[in-house]
Amino acid sequence: MHIDARTLPNGSVLEADLCIVGAGAAGISMALEWIGSRHKVLLLEGGGLDYETAMQDLYRGESVGLPYYPLQAARLHYFGGTTGHWAGFCSTLDPIDFEKREWVPHSGWPIRREELDPFYARAQPLLELGPYEYGAGDWQRRDPTLVPLPLDPHVMWTKMWQFSPPTRFGARYRAAVIGAPNVHLYTHANVCELEANESVRSIEGLRVRTLDGKEHRARARYYVLACCSIQNARLLLASNRRTPTGLGNAYDLVGRFFMEHIEMPTGHLALAPSRAANTKMYALEFGRTKARGELALSAAVQREQRILNATVSLEPGGPDEVAQSTFQWGTPDRLSALRERDAHANAGPPAEPPPARAPLFFHLMTRQEQAPNPASRVLLSTERDALDMPRARLDWRLTALDRRSFHAFYEVMGRELGRSGTGRVKMLDWVTRDEDTWPSTLSGGWHHMGTTRMHENPRLGVVDATCRVHGLGNLYVAGASVYPTGGAANPTLTIVAVSLRLSDHLKRTLA
Amino acid sequence: MNRRRFLGVSAAGALAGLTGSARGASANAAIDLLTLAQPDLLSLIGPQAVRKIGLRYRALVPSENEVHVMYTAILAARPRPSSIAGLVEQDFAVGRTMVLQGWVVSVTEARQSALFSLLSD
């Protein structure tokens, strides 16, 4: 069922077994899991069913670190969340992403990749993807014209991606959520505070406000924050009635370790004509391609070079053409147009006609994980929003390891593509410069991660391996904010997988 | 004048200056020189980029900034009867590479590019 919180009498009390805060990919994935169960679920969404400027403005914030995209444009604040304008790129994190790597400070998940595999498999249909197969050979068997480059697997490999239509969760799952008798969706219900009990051991309720001045309470046995990395941190920090530093923040970790994927044009590939037949494996036609490969370094090479994980995509274009970074391409106007166009249609961008013949020059576009960095963080601003909540302040920072990893990756890739007769690699000028500064094309992928990181030790993480906030018995966090490291894969598939895992845990707990 | 003919004329001039072991190394020295000055890179990235790579190599390794020295250096690294292409592949396999003008090239290719630029100066 669906209720607009603005229609409730002021001071209403909403009660349930489970309360999920935020109806994006994480929140909706979880809510779907509870449909038909004997438990009552509250799904609180701050925005409405569709885009509204006033609701979106609640996500406005400051950016005081490296240049970043406007915060109110980087996340969508309505039912379906940021799936309202995502591009549908899906891949799994690699096993090495879960390991503690001694050359990557603060790395290591308390769970292994194998533990996520069954949840990845369950996430696939929710995102309208193909089978849970991410091996280049799997896709070559399906389509023999997809031929991976003959790379030495000890050095490089073809990492496969699958493409969601992209699934707009708001449109795709609206009927299912609203039609579920035991899932109570409240829109325009902005949670402004988590209220802890006196001993700060559990959450007693949530203060929910609407823009028209009403205030309600939500109470449940268990709570899940699923508002995205910046908003999860903001809400925990702003819930400081009992503890001045906010909830879950006994060790000053909430908001720290904000991570992005560093997505930038980094070089060029001059492909050997003899490899032209391999290009289909790496090509992307929006709306048509089901799977494609990107180039990645083996775990062994990452260890040897002591660098971060990354993948590189091949986009047709010669050295004389300037490639745009993710931020340059996705201007607020362009994203807005994209959102408008398919607001009511679950369809991706229009298919582009395939090129007449395989191109031989490519832009090399890198997506690299960001090293976990406690100085890269979300804080509270002194400015307040229309609901009297402190706005978010983002201080995005990178490290020397982030910078160095680009150069090392391209040098190794240049050698391997040369050795294998694939072609020659050219690095852009900024990559070759031995300095710590970043070029003006510095860009993220609009992927926010890490602000409530997962670690078994409460001194090193905000949530434990089950995603429960350390020290608070009934508060959990879903979404990419729990990632200790972000790997080189876009976060959505893992967000859904981790949310399904949390959902299973809560089902066992509530049983 | 096409590029190959141009290089042939240039090579003839350059060979006139070859001395010692390089000149006496082979009766096919002129052919070898032309071959060496035609890296496979040319077909991949074009003469302008190859020339820039060559100029950069010559700036970084001034001790090889002469035709006969470059010629000798390339052939000295060639494990007979391996081809130049094999030498380039081996360079990549063992990491004998350089980053010149942003391009990751094998040392042999870098020298070939330098030779190309020397002969087209």
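The values are calculated or read from the model by the stated rules, or taken from the named source; none is laboratory data. Not measured: the values here are computed from a predicted model. So basically every Cβ, Gly included, is an ideal-geometry build from the backbone, and we count neighbours across all protein chains shown.
Test A:Asn373 against the criterion of being buried (at least 19 other Cβ atoms within 10 Å of the Cβ), out of contact with any His (no Cβ under 7 Å at 6 or more places or on another chain) and modelled with pLDDT under 95, and give yes or no. Here the answer is no, as A:Asn373 does not meet what is asked. Going by the structure shown, is A:Asn232 on the phi < 0 side of the Ramachandran plot and modelled with pLDDT under 95? For A:Asn232, the condition - on the phi < 0 side of the Ramachandran plot and modelled with pLDDT under 95 - is not met. Of the residues that make up the range B:103-112, is at least one over 12 Å from B:Leu41 (Cβ atoms), more than 8 Å from chain A (Cβ to nearest Cβ) and without any contact (Cβ under 8 Å) to a residue 24 or more places away in the chain? The answer is no, given that none of the residues of the range B:103-112 is over 12 Å from B:Leu41 (Cβ atoms), more than 8 Å from chain A (Cβ to nearest Cβ) and without any contact (Cβ under 8 Å) to a residue 24 or more places away in the chain.
Using the structure shown, decide if B:Ala49 is modelled with pLDDT of 90 or more, on the phi < 0 side of the Ramachandran plot, in contact with a Pro (Cβ under 8 Å, 6 or more places away or on another chain) and within 14 Å of chain A (Cβ to nearest Cβ). Yes: the conditions hold for B:Ala49. Could you tell me whether the range A:401-419 includes any residue that is within 23 Å of the chain's Cα centre (by Cα), closer than 16 Å to A:Leu66 by Cβ and free of Cβ contacts under 8 Å to residues at least 60 places away in the same chain? Yes, the range A:401-419 has at least one match. Looking across the range B:77-96, the residues that are within 13 Å of chain A (Cβ to nearest Cβ), surrounded by fewer than 22 Cβ atoms within 10 Å (Cβ to Cβ) and not charged (D, E, K, R) come down to B:Ala85, B:Gly86, B:Leu87, B:Gln90, B:Ala93, B:Val94, B:Gly95. Please tell me if A:Leu398 is away from chain B (no Cβ under 14 Å) and either at pLDDT below 95 or surrounded by 20 or more Cβ atoms within 10 Å (Cβ to Cβ) (or both). It is true that A:Leu398 is away from chain B (no Cβ under 14 Å) and either at pLDDT below 95 or surrounded by 20 or more Cβ atoms within 10 Å (Cβ to Cβ) (or both). Among the residues in the range A:216-229, are any within 26 Å of the chain's Cα centre (by Cα), surrounded by fewer than 24 Cβ atoms within 10 Å (Cβ to Cβ) and in a strand (DSSP E or B)? Among the residues of the range A:216-229, at least one is within 26 Å of the chain's Cα centre (by Cα), surrounded by fewer than 24 Cβ atoms within 10 Å (Cβ to Cβ) and in a strand (DSSP E or B), which makes the answer yes.
Output the number of the condition that A:Ala270 fails; it satisfies all remaining conditions of (1) within 14 Å of chain B (Cβ to nearest Cβ); (2) part of a helix (DSSP H, G or I); (3) in contact with a Lys or Arg (Cβ under 9 Å, 6 or more places away or on another chain). Answer for A:Ala270: the failing condition is (2). For the range A:73-96, the count of residues that are among the hydroxyl-bearing types (Ser, Thr, Tyr), farther than 22 Å from A:Pro484 by Cα and not in a helix (DSSP H, G or I) is nonzero.
Checking the structure you have, find out if any residue of the range A:143-151 is in contact with a strand residue (DSSP E or B) (Cβ under 6 Å, 6 or more places away or on another chain) and aliphatic (A, V, I, L, M). The answer is no; no qualifying residue exists.
This table checks each residue for (1) outside the structural domain of A:Val191 (by TED's automatic domain parsing); (2) modelled with pLDDT under 95.
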| position | (1), (2) |
| --- | --- |
| A:Asn346 | yes, yes |
| A:Pro350 | yes, yes |
| A:Glu383 | no, no |
| A:Asp388 | no, no |
| A:Arg404 | yes, no |
| A:Val412 | yes, no |
| A:Arg415 | yes, no |
| A:Thr422 | yes, no |
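Scanning the range A:230-264 for residues that are assigned to a loop (DSSP other than H, G, I, E, B) and among the β-branched types (Val, Ile, Thr) gives A:Thr243, A:Thr245, A:Val254. Among the candidates A:Asp429, A:Asp464, A:Asp434, the residue that is within 14 Å of chain B (Cβ to nearest Cβ), touching a His at 6+ places or on another chain (Cβ under 9 Å), surrounded by fewer than 24 Cβ atoms within 10 Å (Cβ to Cβ) and not aromatic (Phe, Trp, Tyr) is uniquely A:Asp434. Inside the range A:100-182, counting only helices (runs of 4 or more DSSP H) that do not spill past its ends, which hold 2 or more residues that are within 30 Å of A:Leu253 (Cβ to Cβ) and either more than 18 Å from the chain's Cα centre (by Cα) or not assigned by TED's automatic domain parsing to the domain that holds A:Met30 (or both)? By residue number, A:113-126. Looking only at the range A:485-506, residues that are assigned to a loop (DSSP other than H, G, I, E, B) and aliphatic (A, V, I, L, M) come to 2 in all.
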